[in-house]
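Peer 1: Below: one structure in structure tokens.
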Amino acid sequence: MSTGTGTRAAAGTTRAEASDAELTELRTAVRDFLSSRADEAAVRAAVDSERGYDDKVWAQIAAELGLPALALPTAYGGDGYGVVELSVVIGEMGRVLLPSPFFSTVVLAATAIVASGDAGAAERLLPGIAAGATTATLTVPNRAGSWEPATGTLGVHVTGSGSGAEVVLEGTAPLVVEGGTADVVLIVADSPAGPTLYEVDMTTAGVARTTLRGLDLTRRIARMDFRDVPARLVGEPGGAAPVVARVLDVATTALAAEQVGGARACLETATAYAKERMQFGRPIGSFQAVKHKCADMLARVQVADAAATEAARAVDGVPGSPDPGVATAVAHAVCSEAFMAVAAENIQVHGGIGFTWEHPAHLYYRRAKASQLLFGGPAVYYERLLRRAGVRPLRTA
Amino acid sequence: MPSEPDDSGMDQFVAEARAFLDANATRRAHISDEVVWGEGEDRITYFSTDPPEVEAAKVAAAKAWQKVRYDSDFGWITGPPEFGGRSLSSLHDLVYDSLEAEYDVPDTGVLSLIGLGMIGPTILAHGTEELKRRYLPAMYAGDVIACQLFSEPGAGSDLAGLTTRAVRDGDGWLLEGQKVWTSVAQHAAIGLALCRTDPDKPKHKGITAFVVDMSAPGVDIRPLRQMTGGAEFNEVFLTDVRVPDDHRLGPVDGGWGVALTTLMNERASVGGEGAGAAGRAVALPFLTELLRANGRLEDAAARRRLAELYADQAATEYLNHQALRRFRAGQQPGPESSVSKLMYAQNLTRGAHLAAEIVGPRLVADTGEWGTFAWTELLLATPALRILGGTEEIMKNILAERVLGLPKEPSIDTKSPFRELRRSGRAEA
């Protein structure tokens with residue numbers, strides 16, 4: 001993706017921007033790759049593997065396609081593209097439910113590092129992430145399950161009065177995305193200066209991590225217990241809030257693209273089945289009850305696609321795009337709801353076969369519900385949307 | 001809407017349009033998004049409820065403004081020059097519309113929604129030179145309002161099941177039957193009528209289209225009072241109405257192709273949600289004030305419904321952005337407009353019912369309190385949105401069959417003579 005690209009100044013940096021034709025080319029390249037390396041059998045094999053994803057596929061994604069570098073800053077080994085391009089990649093991964101540390105590493109951790117403005121951390125970590133050599137994740141261990149980095153709600157804190165560059169962490173992060181395998185964990189912990197972002201090198205620190213039994217079989221979640229774990233400051237003491245806010249905007253937008261990819265796969269599967277499945281001597285798709293289900297699914301997917309696309313453009317500051325605060329919150333809500341509804345209806349269109357373990361419909365249903373709840377769920381995202389749109393927050397909140 | 005930099009001719013067009021509008025209209029004062037609760041007209045209208053004299057004045061103003069546009073070459077931007085058009089693209093049309101929206105000009109919907117938007121292109125595509133010369137310039141100059149005589153009591157979603165007859169009578173035709181749900185018929189000089197000319201052919205193949213003079217003897221236009229209490233639509237009874245053969249549109253028994261042209265030009269209500277009193281009433285700022293005024297801004301259940309509605313409204317707006325962007329990039333239109341229509345109707349309906357819940361018993365009878373009973377008007381209008389311009393069920397069939405490629409209903413008979421379908425009762429099915 002280095003040919004004939006334009007550049008645009010956004011947020012004080014120069015961002016590379018792919019043309020429509022290049023976006024299509026990128027989509028095709030990722031789709032072709034995934035169709036040969038991550039078909040259903042490969043996904044199921046990865047699910048049953050120890051790490052939960054295929055190391056070789058991850059290495060190829062980095063070495064052959066260069067995807068982890070795509071949206072990272074050029075100064076740290078990246079290609080300098082934005083969320084629009086990242087969304088295309090994530091959408092394709094969502095389509096096949098690729099088990100991969102891509103989301104946790106590139107979307108969560110790398111975005112946090114860049115947003116922290118910490119040049120040292122960027123220097124240390126981003127080149128490895130760009131090259132696919134380092135996997136990472138980010139956790140905001142809010143005990144209420146949201147990703148709000150509020151003092152007093154975090155399950156992990158700095159011991160004693162430590163507020164310098166090197167601190168010691170104590171506590172539990174209950175739900176860390178790909179936390180069982182990440183090389184580096186970025187964590188928001190309470191410190192005397194307020195919620196602060198820290199980096200924990202998992203290759204040296206003795207953190208106890210337990211991969212949990214998950215609803216979503218294609219994305220692993222782990223618990224991390226920190227007992228006197230050395231950690232390094234990222235960004236400013238007490239500076240986690242704006243970093244997390246930026247991560248949430250980018251991550252919910254990328255997740256929206258992933259949800260649209262998954263929803264579209266469900267729509268296509270359901271439609272194909274409705275055309276071939278014969279009952280009462282005719283394809284079930286000729287019955288209006290089934291036909292209208294499919295039309296409803298299509299409508300939801302189209303609306304969700306538009307929401308995800310506009311949000312990505314808004315985050316990248318594309319001229320004429322809507323307010324990013326509102327657009328990202330809209331996309332998170334609409335795409336979460338759409339994927340869940342479409343994944344559920346996909347099973348109904350399939351009938352009994354859709355309820356079997358062998359059929360992939362449940363893998364999408366699991367992913368849909370887990371991703372809907374990943375950043376707090378409807379209770380959180382609808383209130384965030386109202387706040388972003390200028391409605392006074394609940395006094396009790 | 002900014003002009004596209006890749007189109008050098010567009011810049012000149014924009015400058016010309018801007019100069020025309022500056023010379024002939026005043027710019028709208030900036031309309032603040034801020035809602036001042038309790039102030040302004042206490043009406044939430046969707047369908048017009050104007051008394052006849054007010055409506056007549058609005059129609060006259062619409063015709064006058066269309067004349068001004070036409071005289072300055074903005075009356076039919078996409079039309080051919082020989083009939084008063086200027087042969088520019090649909091994009092120019094859109095650009096002009098968005099520029100004009102910045103000015104305070106009369107609403108020309110009475111002319112444009114049916115006549116200029118649907119009937120004009122149909123006459124252009126299927127009419128004889130004589131018909132085109134006779135009607136197109138007059139229509140786009142604002143002199144002739146046209147209506148669409150398609151739906152019948154027995155032919156709604158199944159339009160091809162229509163039974164209004166046209167029989168040969170010397171060098172012309174005699175029309176007999178009833179049309180229904182006819183918008184703007186009371187103002188129209190002409191109507192495009194679909195009639196059964198051969199009941200022995202299959203139902204799609206025995207229909208002919210005619211341009212009917214609405215003032216001809218035997219044309220009886222009666223207002224159709226709808227459930228809101230107003231009468232936006234009409235019933236049109238045709239009793240031995242004589243139509244000369246030169247007013248036939250397209251070949252005898254070739255009317256279904258003519259109808260398809262009209263229906264393809266039915267402009268989807270893209271962007272419609274933002275417009276009008278109803279759109280503003282169900283938008284977030286007004287509904288938020290409604291909650292606040294009723295002490296419900298701390299009610300988690302009400303907030304949730306508000307947020308869910310707002311998410312879908314915003315996403316529908318994004319869908320329209322996306323459609324417009326694709327259109328400007330010269331891509332084929334996708335299913336966006338059909339989806340947009342479904343969403344628009346659903347969102348407006350949800351908004352009305354949310355408001356009703358917040359207002360509570362004060363919606364049941366008019367207590368005189370501002371912002372309460374006024375919601376009844378919208379509440380009573382919303383069922384129509386899921387019917388008009390293609391019922392929700394038909395829209396879903398279209399999405400499923402044309403976009404997803406699902407098989408058609410096997411029971412639809414396109415081969416038997418129409419007369420036999422009627423006898424077996426299947427014409428009404």
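The values are calculated or read from the model by the stated rules, or taken from the named source; none is laboratory data. Owing to the predicted nature of the structure, the values given are computational and were not obtained by experimental measurement. Cβ atoms come from the backbone with ideal geometry, glycine included; neighbour counts cover every protein chain shown.
Peer 1: Being under 19 Å from A:Gly82 (Cα atoms), at pLDDT 95 or above and either in contact with a strand residue (DSSP E or B) (Cβ under 9 Å, 6 or more places away or on another chain) or not in a strand (DSSP E or B) (or both), is that true of even one residue in region A:261-280? Break it down into steps so the answer makes sense when it comes.
Peer 2: Just the residues of region A:261-280 that are under 19 Å from A:Gly82 (Cα atoms), to begin with: A:261.
The next check asks that each one be at pLDDT 95 or above; those that pass are A:261.
This time we only want the ones that are either in contact with a strand residue (DSSP E or B) (Cβ under 9 Å, 6 or more places away or on another chain) or not in a strand (DSSP E or B) (or both), so: A:261.
Looking for residues that are under 19 Å from A:Gly82 (Cα atoms), at pLDDT 95 or above and either in contact with a strand residue (DSSP E or B) (Cβ under 9 Å, 6 or more places away or on another chain) or not in a strand (DSSP E or B) (or both), one finds at least one in region A:261-280, hence yes.
Peer 1: Then there's this: Just one of the numbered conditions (1) crowded, with 16+ Cβ neighbours inside 10 Å; (2) in contact (Cβ under 8 Å) with a residue 24 or more places away in the chain is not true of A:Arg227; which one?
Peer 2: Only one criterion is unmet by A:Arg227, namely (1).
Peer 1: Here is a further query. Are any residues in region A:357-397 of a type in the set (Ser, Thr, Tyr) and either part of a helix (DSSP H, G or I) or more than 8 Å from every other protein chain (Cβ to nearest Cβ) (or both), and if so, which ones?
Peer 2: Hits for region A:357-397 are A:Tyr364, A:Tyr365, A:Ser371, A:Tyr381, A:Tyr382.
Peer 1: Checking the conditions here, which among A:Val334, A:Val342, A:Val326 is at the interface with chain B (Cβ under 8 Å from one of its Cβ atoms), in a helix (DSSP H, G or I) and buried (at least 24 other Cβ atoms within 10 Å of the Cβ)? Spell out how you get there, then give the answer.
Peer 2: Working: A:Val342 fails: at the interface with chain B (Cβ under 8 Å from one of its Cβ atoms); A:Val326 fails: buried (at least 24 other Cβ atoms within 10 Å of the Cβ).
A:Val334 is the lone residue from the list that is at the interface with chain B (Cβ under 8 Å from one of its Cβ atoms), in a helix (DSSP H, G or I) and buried (at least 24 other Cβ atoms within 10 Å of the Cβ).
Peer 1: Take A:Glu310 and tell me if it is assigned to a helix (DSSP H, G or I), more than 18 Å from A:Val349 (Cβ to Cβ), modelled with pLDDT of 95 or more and at the interface with another protein chain (Cβ under 8 Å from one of its Cβ atoms).
Peer 2: So A:Glu310 passes the test.
Peer 1: If you go through region B:309-330 one residue at a time, do you hit one that is touching a helix residue (DSSP H, G or I) at 6+ places or on another chain (Cβ under 9 Å), over 21 Å from A:Ala338 (Cα atoms) and at pLDDT 95 or above?
Peer 2: no
Peer 1: Hey, can you tell me all the residues within region B:380-392 that are part of a helix (DSSP H, G or I) and more than 11 Å from chain A (Cβ to nearest Cβ)?
Peer 2: B:Leu380, B:Ala381, B:Thr382, B:Pro383, B:Ala384, B:Leu385
Peer 1: Output the residues belonging to region B:321-340 that are surrounded by fewer than 24 Cβ atoms within 10 Å (Cβ to Cβ), more than 7 Å from chain A (Cβ to nearest Cβ) and assigned to a helix (DSSP H, G or I).
Peer 2: B:Ala323, B:Leu324, B:Arg325, B:Arg326, B:Phe327, B:Arg328, B:Ser337, B:Ser338
Peer 1: May I ask you to list the residues in region A:97-121 that are of a type outside the set (Phe, Trp, Tyr) and more than 14 Å from A:Arg246 (Cβ to Cβ)?
Peer 2: A:Leu97, A:Leu98, A:Pro99, A:Ser100, A:Pro101, A:Ser104, A:Thr105, A:Val106, A:Ala119, A:Gly120, A:Ala121 - these are the residues of region A:97-121 that are of a type outside the set (Phe, Trp, Tyr) and more than 14 Å from A:Arg246 (Cβ to Cβ).
Peer 1: Sticking with this one: Just to check your reading of the model, which residue among A:Ala314, A:Ala304 is crowded, with 24+ Cβ neighbours inside 10 Å and farther than 17 Å from A:Leu248 by Cα?
Peer 2: Matching residue, one of A:Ala314, A:Ala304: A:Ala304.
Peer 1: Looking at region A:261-286, which of its residues are in contact with a helix residue (DSSP H, G or I) (Cβ under 6 Å, 6 or more places away or on another chain), surrounded by fewer than 18 Cβ atoms within 10 Å (Cβ to Cβ) and within 11 Å of chain B (Cβ to nearest Cβ)?
Peer 2: Once the filter is applied, which keeps residues that are in contact with a helix residue (DSSP H, G or I) (Cβ under 6 Å, 6 or more places away or on another chain), surrounded by fewer than 18 Cβ atoms within 10 Å (Cβ to Cβ) and within 11 Å of chain B (Cβ to nearest Cβ), region A:261-286 yields only A:Lys275.
Okay, residues lined up against (1) touching a Leu at 6+ places or on another chain (Cβ under 7 Å); (2) farther than 30 Å from B:Leu380 by Cα:
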site	(1), (2)
B:Ala15	no, yes
B:Ala19	no, yes
B:Arg27	no, yes
B:Ser48	no, no
B:Trp65	no, yes
B:Arg69	no, yes
B:Gly75	no, yes
B:Thr78	yes, yes
B:Pro81	no, yes
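Peer 1: Please enumerate the residues belonging to region B:351-386 that are in contact (Cβ under 8 Å) with a residue 60 or more places away in the chain, surrounded by fewer than 22 Cβ atoms within 10 Å (Cβ to Cβ) and within 16 Å of B:Glu308 (Cα to Cα).
Peer 2: B:Leu354
Peer 1: Cβ-Cβ below 7 Å, separation at least six or inter-chain, first residue in region B:284-304 and assigned by TED's automatic domain parsing to the domain that holds B:Arg362 and in a helix (DSSP H, G or I), second surrounded by 15 or more Cβ atoms within 10 Å (Cβ to Cβ) and among the aromatic types (Phe, Trp, Tyr): which pairs?
Peer 2: Close Cβ pairs satisfying both conditions: B:Leu284/B:Tyr310; B:Arg304/A:Tyr382.
Peer 1: Show the residue pairs that are 6+ apart or on different chains and have beta-carbon atoms under 8 Å apart, the first residue being within region B:393-406 and in contact (Cβ under 8 Å) with a residue 12 or more places away in the chain and more than 7 Å from chain A (Cβ to nearest Cβ), the second being surrounded by 20 or more Cβ atoms within 10 Å (Cβ to Cβ) and in a helix (DSSP H, G or I).
Peer 2: Listed by first residue and then by second, the contacts come to B:Met395/A:Ala295; B:Met395/B:Ser338; B:Met395/B:Lys341; B:Met395/B:Leu342; B:Ile398/B:Ser338.
Peer 1: Could you look through region B:174-211, keep only residues that are assigned to a helix (DSSP H, G or I) and not polar (S, T, N, Q), and pick out the one that is nearest to the chain's Cα centre (by Cα)?
Peer 2: Looking at the filtered set, the residue picked out is B:Ala185.
Peer 1: Additional query: Which numbered condition in (1) in contact (Cβ under 8 Å) with a residue 40 or more places away in the chain; (2) on the phi > 0 side of the Ramachandran plot; (3) of a type outside the set (Gly, Ala, Ser) is the only one that A:Phe280 fails?
Peer 2: A:Phe280 satisfies all of (1) in contact (Cβ under 8 Å) with a residue 40 or more places away in the chain; (2) on the phi > 0 side of the Ramachandran plot; (3) of a type outside the set (Gly, Ala, Ser) except (1).
Peer 1: Just one of (1) surrounded by 23 or more Cβ atoms within 10 Å (Cβ to Cβ); (2) closer than 27 Å to B:Leu399 by Cα trips up A:Leu385, so point out which.
Peer 2: Unmet condition: (2).
Let's see how each residue does on (1) within 19 Å of the chain's Cα centre (by Cα); (2) without any contact (Cβ under 8 Å) to a residue 12 or more places away in the chain; (3) assigned to a loop (DSSP other than H, G, I, E, B):
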position	(1), (2), (3)
A:Ala109	yes, no, no
A:Ala115	yes, no, no
A:Ala122	no, no, no
A:Leu126	yes, no, no
A:Thr134	yes, no, yes
A:Trp147	yes, no, yes
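Peer 1: Assess whether B:Arg303 counts as being crowded, with 16+ Cβ neighbours inside 10 Å, among the basic types (Lys, Arg) and facing another protein chain (nearest Cβ under 7 Å).
Peer 2: yes
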